[in-house]
Amino acid sequence: MEKQYRLKQERAPIYEALERFRKMRVVPFDVPGHKRGRGNPELTEFLGEKCVGVDVNSMKPLDNLCHPVSVIREAEQLAADAFGASRAFLMVGGTTSAVQSMILSSCKRGDKIILPRNVHKSVINALVLCGAIPVYVNPDVDKRLGISLGMKRDQVARAIRENPDAVAVMVNNPTYYGVCSDLRAIVKMAHDTGMLCLADEAHGTHFYFGSGLPVSAMTAGADMASISMHKSGGSLTQSSFLLTGPKVHAGYVRQIINLTQTTSGSYLLMSSLDISRRRLALHGREIFHKVVDMAEYARQEINNIGGYYAFGRELMNGDSVFDFDNTKLSIHTLDIGLAGIEVYDILRDDYDIQIEFGDIGNILAYLSMGDRIQDLERLVSALAEIRRRYQKDPTGMLTQEYVEPVVVTSPQEAFYAEKVSLPLEQCEGRVCSEFVMCYPPGIPLLAPGEKITKTVLEHIQYAKEKGCSMTGSEDPELKHLNVLA
Ligand SMILES: Cc1ncc(COP(=O)(O)O)c(C=O)c1O
């Protein structure tokens with residue numbers, strides 16, 4: 001049985017307004033200058049007339065994303081209803097913009113925020129922007145898989161006890177690999193001490209619609225959540241939602257969003273949010289049931305190959321893996337003597353299979369509503385063949401993905417400080433003023449304000465050698481790093 005909603009989820013007001021608009025044949029003396037594609041035939045040929053015809057600017061019949069009063073407002077109300085939130089904001093700058101608005105709405109310069117260190121770079125970027133001070137809770141680590149897990153309850157409790165002046169606790173729900181902390185307990189701990197609880201749900205859109213999945217942030221009582229509709233929700237790339245709970249002053253959040261949001265919100269992105277929200281509200285349970293079934297099937301088949309370990313709910317331990325998102329197909333590869341990133345490259349180069357990412361010891365195949373069982377079978381047989389062709393002795397391979405940071409100064413102070421550029425080999429002991437990360441997953445190995453230790457340098461070197469896409473540093477080749485002068 002599908003969920004019951006307060007509003008008519010069959011509606012899609014932005015989409016409906018665009019369909020009405022299309023029929024009106026309005027003569028455009030406004031931007032965009034391609035004028036429904038006529039001025040740029042190559043673009044129209046590539047994207048199609050239907051698509052460029054609704055790439056239009058804000059106007060009264062279509063509302064305005066910066067100050068919604070009609071169809072966008074209605075779409076936001078429907079989204080809030082679908083996600084069980086008090087308010088929902090359509091975001092056209094990716095979940096990065098949702099995460100940043102969430103943090104900028106909660107923290108001011110000098111405020112402390114408690115968070116796990118395995119956050120996406122958008123979180124630490126937000127701290128550079130607003131000057132808040134991170135209080136990191138090191139995530140628990142699975143020694144065999146080398147991946148970071150969730151935060152343990154007693155670690156969060158200790159961080160709260162030691163920092164009663166912190167304004168918020170932030171949680172990944174789930175991590176890229178699908179690991180969930182005990183969100184309900186963390187929300188309670190935060191609220192008991194007057195702190196907000198914020199959730200990065202870039203990888204958790206489906207929690208709101210499927211069944212038997214981990215608890216969503218709004219259900220757990222969190223105050224804000226950033227939702228990547230464009231990941232598991234099926235909308236166009238860069239479209240997301242920011243959700244808020246009853247304690248949050250939504251008018252202020254809108255003002256924060258408008259500090260950095262474009263004044264030319266894309267109707268392609270907004271209509272895709274509207275149509276996708278409708279689809280999830282009406283059919284989400286059935287859609288994600290199928291995704292879970294496919295993931296379970298693939299997990300079993302991959303574990304039958306031998307050598308690989310496709311992990312799942314057996315990792316649950318009641319605390320740092322309080323729950324596991326079993327739509328995620330995460331596979332440990334080290335036992336066949338290949339780093340995750342090597343398997344990732346071989347799958348693309350030799351088998352025309354593009355997966356989400358590979359890191360030191362694991363790969364993640366992202367499963368969603370668009371997958372088919374025959375494609376999974378191709379992945380399984382490619383993995384079996386890779387094992388046969390490339391398996392080697394794993395001795396000497398790096399096993400741990402997470403490197404504990406040594407924080408010396410705040411991200412903002414370090415980012416704006418006087419700095420010098422040094423060759424990587426000469427950076428040990430210095431304080432970094434920029435980011436270094438493998439992308440994806442985009443979790444910094446180094447963030448501004450952190451000490452550059454021997455371990456982290458070895459890790460960077462290893463990731464480079466194995467072919468990870470290294471990003472964040474000013475030097476695109478990452479031969480130099482900016483450090484505090
Ligand atoms: C955990 C997490 N948060 C936030 C983001 C940012 O999302 P976007 O790429 O939509 O800006 C990502 C992107 O992969 C992510 O993995």
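The values are calculated or read from the model by the stated rules, or taken from the named source; none is laboratory data. Computed from a prediction, not measured in an experiment: that's the story for all the values here. In this analysis, Cβ positions are derived from the backbone assuming ideal geometry, glycine residues included, and neighbour counts consider all displayed protein chains. For the accessible areas, the whole protein counts, side chains as well, though only heavy atoms, and no ligand, DNA or RNA atoms are used. Shrake-Rupley method; radii C 1.70, N 1.55, O 1.52, S 1.80 Å.
Can you name the residue in the stretch 96-109 that is in a helix (DSSP H, G or I) and either open to solvent by less than 10 Å² (accessible area, probe 1.4 Å) or under 21 Å from ARG73 (Cα atoms) (or both) and, of all such residues, is farthest from the ligand (Cβ to nearest atom)?
Applying the first criterion (in a helix (DSSP H, G or I)) to the stretch 96-109 yields 96-106.
Next, from what is left, pick out any that are either open to solvent by less than 10 Å² (accessible area, probe 1.4 Å) or under 21 Å from ARG73 (Cα atoms) (or both): 97-99, 101-103, 105.
Values: SER97: 7, ALA98: 8, VAL99: 5, SER101: 12, MET102: 10, ILE103: 11, SER105: 16 Å.
Only one residue fits best here, namely SER105.
Which condition number in (1) farther than 23 Å from GLY251 by Cβ; (2) open to solvent by 10 Å² or more (accessible area, probe 1.4 Å) is the one that GLY93 fails?
GLY93 satisfies all of (1) farther than 23 Å from GLY251 by Cβ; (2) open to solvent by 10 Å² or more (accessible area, probe 1.4 Å) except (1).
Kindly indicate which of THR262, THR327 is outside any helix (DSSP H, G or I), in contact (Cβ under 8 Å) with a residue 40 or more places away in the chain and open to solvent by 40 Å² or more (accessible area, probe 1.4 Å). Don't jump to the end; show me each part of the working.
Working: THR327 fails: open to solvent by 40 Å² or more (accessible area, probe 1.4 Å).
Checking each option against the conditions leaves just THR262.
Would you be able to tell me the number of residues in the stretch 110-142 that are touching a residue at least 24 places away in the same chain (Cβ under 8 Å), away from the ligand (no atom under 11 Å from the Cβ) and not in a helix (DSSP H, G or I)?
Total meeting the criteria: 17.
Hey, does the stretch 273-292 have a residue that's open to solvent by 40 Å² or more (accessible area, probe 1.4 Å), more than 30 Å from CYS107 (Cβ to Cβ) and not in a helix (DSSP H, G or I)?
Taking the stretch 273-292 first, the residues open to solvent by 40 Å² or more (accessible area, probe 1.4 Å) are 275, 278-279, 282-283, 285-286, 289-290.
Subset that is more than 30 Å from CYS107 (Cβ to Cβ): 275, 278-279, 282-283, 285-286, 289-290.
Of the ones still in play, those that are also not in a helix (DSSP H, G or I) are none.
No - not one qualifying residue is present in the stretch 273-292.
What pairs come out if I take residues in the stretch 196-220 that are touching a residue at least 60 places away in the same chain (Cβ under 8 Å) and pair them with residues that are assigned to a strand (DSSP E or B) and among the aliphatic types (A, V, I, L, M) whose C-beta lies under 7 Å away, six or more apart or interchain?
Within 7 Å, the pairs are LEU196/ALA168; LEU198/ALA168; LEU198/MET170; LEU198/MET224; ASP200/MET170; THR205/ILE227; MET218/ALA225; MET218/LEU243.
Being surrounded by 12 or more Cβ atoms within 10 Å (Cβ to Cβ), under 16 Å from MET270 (Cα atoms) and among the small types (Gly, Ala, Ser) is true for just one of GLY37, GLY53. Which residue is that? Let's see the steps before the verdict.
Values: GLY37 fails: under 16 Å from MET270 (Cα atoms).
Checking each option against the conditions leaves just GLY53.
Identify, by number, the condition in (1) assigned to a helix (DSSP H, G or I); (2) open to solvent by 30 Å² or more (accessible area, probe 1.4 Å); (3) touching a residue at least 24 places away in the same chain (Cβ under 8 Å) that ARG11 doesn't meet.
(1) is the only condition that ARG11 fails.
Among the candidates ARG117, ARG144, single out the residue that is touching a strand residue (DSSP E or B) at 6+ places or on another chain (Cβ under 6 Å), of a type outside the set (Phe, Trp, Tyr), modelled with pLDDT under 95 and more than 25 Å from THR263 (Cβ to Cβ). Let's see the steps before the verdict.
Values: ARG144 fails: touching a strand residue (DSSP E or B) at 6+ places or on another chain (Cβ under 6 Å).
Within the list ARG117, ARG144, the selection yields ARG117.
Of the residues in the stretch 170-196, how many are closer than 16 Å to CYS107 by Cβ and within 16 Å of the ligand (Cβ to nearest atom)? Please lay out each step first, then the result.
Our first condition is that a residue be closer than 16 Å to CYS107 by Cβ; within the stretch 170-196, this holds for 170-171, 190, 193-196.
This time we only want the ones that are within 16 Å of the ligand (Cβ to nearest atom), so: 170-171.
Within the stretch 170-196, residues that are closer than 16 Å to CYS107 by Cβ and within 16 Å of the ligand (Cβ to nearest atom) number 2.
Please specify each residue of the stretch 60-86 satisfying the condition of being outside any helix (DSSP H, G or I) and within 17 Å of ILE14 (Cβ to Cβ). Outline the logic, then answer.
Residues of the stretch 60-86 outside any helix (DSSP H, G or I): 63-70, 84-86.
Result: ASP63, ASN64, LEU65, CYS66, HIS67, PRO68, VAL69, SER70.
Can you name every residue in the stretch 225-240 that is within 17 Å of PHE288 (Cβ to Cβ) and of a type outside the set (D, E, K, R)? Don't jump to the end; show me each part of the working.
Going residue by residue through the stretch 225-240, those that are within 17 Å of PHE288 (Cβ to Cβ) are 227-235.
Passing the criteria: ILE227, SER228, MET229, HIS230, SER232, GLY233, GLY234, SER235.
Considering only the stretch 473-485, state which residues are open to solvent by 40 Å² or more (accessible area, probe 1.4 Å) and outside any strand (DSSP E or B).
Within the stretch 473-485, GLU474, PRO476, GLU477, LYS479, ALA485 qualify.
Exactly one of these conditions fails for ASN57: (1) more than 17 Å from VAL92 (Cβ to Cβ); (2) part of a loop (DSSP other than H, G, I, E, B); (3) not basic (Lys, Arg). Give me its number.
Among (1) more than 17 Å from VAL92 (Cβ to Cβ); (2) part of a loop (DSSP other than H, G, I, E, B); (3) not basic (Lys, Arg), ASN57 violates only (1).
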